[in-house]
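So the structure is just underneath, and the comments pick up after that.
Derivation of every value follows stated rules applied to the coordinates shown; laboratory data play no part. Everything numeric in this text was worked out from a predicted model, so none of it was measured. Note that each Cβ is placed from the backbone with ideal geometry, even for glycine, and that neighbours are counted across all protein chains shown.
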Amino acid sequence: MRAYWILPNREQADDILASDGETVVPLRQILDPKRRPRGFSHGVPAELLERCGRAESEHVLFAQRFPDWNGRDQLFCLSCPAGMDAAGRVVHLGLMFILEPHERPIFVLPVAALPKEDQPYARALIHRMTAPHDGDSWAQSVRDLSEHPFKGPATNVELHRSAVRFHSLYEVGPSGLILKRTVWKSLATTVIFLMLFAVIGAYLSVRSCATSSRAAVQTGVIQWRFN
């Protein structure tokens, strides 16, 4: 696993910077722009911030997963708002993981090399992902995305204005993040099938026991009497 911070572009410079926790380099040196997958975002999409509103937007986490990104590895990215620049525009802090096919992201990375103004946001992001509280549905959605076996590009929350079709598990609802209805239907269908298989299994087990008992009675011990 290789992990990097994607630093907030507070100066609106041409180069976006990245760090492995010890050194800072342009992001393009780690992820060649020509090799970035379609739909890749190094920040939270504007549509999510708009749909969540000012109060909820501070808690937004946006994650993307690209399996077989370069024919073998997978790319996993996580972004969150990290304050504003001098012009009042929202800037974003990101975590980018380059993973082996069966690896999962580990949300721990040093912050010492980051600018001091970015370190509190980095520590807060790590804390949310490593020691989340029960009500943090955004952090839960990221963990669910990292574990779900999607075969194609996927995001933790549904996008409506993306030019690329992403699979997703959650959507923004009136009161926050919620599981998509299709996911609930899939879970319900799975539960029903499991219950059905359990009932059939129990019936076959009881029937097998009854058949065995009858066979035992019919072929019981024969007592031989000798005159």
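By count of other Cβ within 10 Å, fewest leading, how are Thr130, Thr23 ordered?
Fewest to most other Cβ atoms nearby, the residues stand as Thr23, Thr130.
For the stretch 1-44, what's the relative contact order in percent, using C-alpha pairs closer than 8 Å and at least 6 residues apart?
27
Order these by the 10 Å Cβ neighbour count, fewest first: Val44, Val157, Val24.
Val24, Val44, Val157
Take peptides 50-62, 74-86 and line them up by average Cβ neighbours within 10 Å, highest first, as a rough protection proxy.
74-86, 50-62
Equivalent-ellipsoid semi-axes (√(5λ), Cα gyration tensor) for the stretch 1-95, whole Å, largest first?
23, 17, 11
Place a label point 7 angstrom from the Cα of Glu117 along the Cα-to-Cβ direction, then list the residues of the stretch 53-88 whose backbone nitrogen is under 18 Å away.
Correct set: 80-88.
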